[in-house]
Amino acid sequence: MKKIITLITTAFFACTLLSASERLFSFSAGLSSGVPIYGANSVISTGSEIEKGNRIILGSTVSANLNPIRQVSFYVGNDTLWDFTWNASEKSSKVHLSFPLGIKIYPGLGGLNFGLAYTLGLRFDNIKTDSAGDYNDSTPWGNGFKFQVEYNFAHEGSSRYLPSIGGYWNLMPRGNSSYDNLIVLYVAANF
């Protein structure tokens, strides 16, 4: 058994050293924005009921990548999206927090890749409106999934520090037989 494990480990590292254009381990971090689509029973306030409200949706994305071969990258990370709507007397703040674990496949079209990830996450609500009153709570943890399309300029580029641009759809269960759909665009730095 030890010989088989040694052989597999040696083959893995030999393939990695011979075929990876990127480093074996890489990291990326970036800013995002998007559109959260809340399920019917997911949230007590979407913020749309706030009259003459201002709205901002900002987020971040961070990932650690394992690049064993040029065509495949495994990653683990954190995605955060903050949806804030307010006026002079009311506010609706929702923070979506998720932890994806996934794979990216490069089909050979430069840095274009397609990703699929399992996500574990929850949402924190801090709401004060005339219709909903004061509400501070979090949703239960949910197990969802994430589909991603990205172009990583560092994958085929002359520098490993070139950025990535992409988008993803994250489907997250929030309890009460309801789901949040997060459609997000992002720009990330690679290092």
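The values are calculated or read from the model by the stated rules, or taken from the named source; none is laboratory data. A quick note: this is a predicted structure, and the numbers were derived from the prediction, not measured. Here the Cβ positions follow ideal geometry from the backbone for every residue, glycine too, while neighbour counts run over all protein chains shown. Only protein heavy atoms, including side chains, enter the accessible area calculation; ligands, DNA and RNA are left aside. Shrake-Rupley method; radii C 1.70, N 1.55, O 1.52, S 1.80 Å.
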Helix 2-19 sits off the longest principal axis of the Cα atoms of the chain, rounded to the nearest 10 on a 0 to 90 degree scale, by 80
For the pair residue 187 and residue 37, the simple spin-label estimate (label points 7 Å beyond Cα toward Cβ) gives in nm 2.6
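Where the only charges are on Cβ atoms (+1 Lys, Arg; -1 Asp, Glu), what is the dipole of the chain about its Cα centre, to the nearest 20 debye? Present the calculation step by step, with values, prior to reporting the outcome.
Details: 14 positive and 13 negative charges, 171 e Å.
I would put it at about 820 debye.
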Calculate what fraction, in whole %, of the accessible area of the stretch 41-191 sits on carbon and sulfur atoms when a 1.4 Å probe is rolled over the protein chains.
-> 63
Probe 1.4 Å, protein heavy atoms only - accessible area per residue of the chain in square angstrom = 55
Computed over the stretch 18-131, the relative contact order (Cα-Cα under 8 Å, seq sep at least six) in percent reads 23
Here the net charge surrounding residue 38, from other residues whose Cβ is less than 13 Å away from its Cβ (Lys, Arg +1; Asp, Glu -1), is -1
In whole Hz, with x marking every Gly and Pro, tabulate ³J(HN,Hα) for the stretch 135-144 from phi via Karplus 6.51 cos²θ - 1.76 cosθ + 1.60, θ = phi - 60°.
-> 8, 9, 6, 10, 7, x, 5, x, 10, x
Whether the chain is rounded, prolate or oblate, judged on the alpha carbon gyration tensor where a/c under 1.5 counts as rounded | prolate
The stretch 131-164 residues near the modelled residue 95 label - backbone nitrogen below 12 Å, point 7 Å along Cα→Cβ = 137-138
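Residues with beta-carbon under 9 Å from that of residue 90, excluding residue 90: net charge, scoring Lys, Arg +1 and Asp, Glu -1?
In short, -1.
What FRET efficiency, computed as 1/(1 + (r/R0)^6) with R0 = 22 Å and r the Cβ-Cβ distance, is obtained for residue 29 and residue 74, rounded to the nearest 0.05?
0.80
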Whichever aspartates and glutamates have a C-alpha closer than 13 Å to that of residue 104, once near sequence neighbours (fewer than 8 apart) are set aside | 150
Along the positive direction of the dipole of the chain (beta-carbon charges: Lys, Arg +1; Asp, Glu -1; about the Cα centre), which of 159, 57, 24 reaches farthest?
-> 24
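Please give me the summed charge of the neighbours of residue 102: other residues whose Cβ is under 12 Å from its Cβ, Lys and Arg +1, Asp and Glu -1.
So the environment of residue 102 carries a net charge of 0.
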Sequence-distant residues sharing a close amide H with residue 144 (under 5 Å, placed H) = 119, 120, 121
Return the calculated 222 nm mean residue ellipticity for the chain, to the nearest 500 deg cm²/dmol, obtained by summing -39500 (n - 2.57) across DSSP H runs with n ≥ 4 and dividing by the residue count.
-> -3500 deg cm²/dmol
If you take the square roots of the eigenvalues of the alpha-carbon gyration tensor of the stretch 62-172 and sort them as a ≥ b ≥ c, do you get rounded (a/c under 1.5), prolate (a/b over b/c) or oblate?
-> prolate
Residue farthest toward the positive end of the dipole of the stretch 66-142, with Cβ of Lys/Arg at +1 and Asp/Glu at -1: which of 95, 69, 122?
-> 69
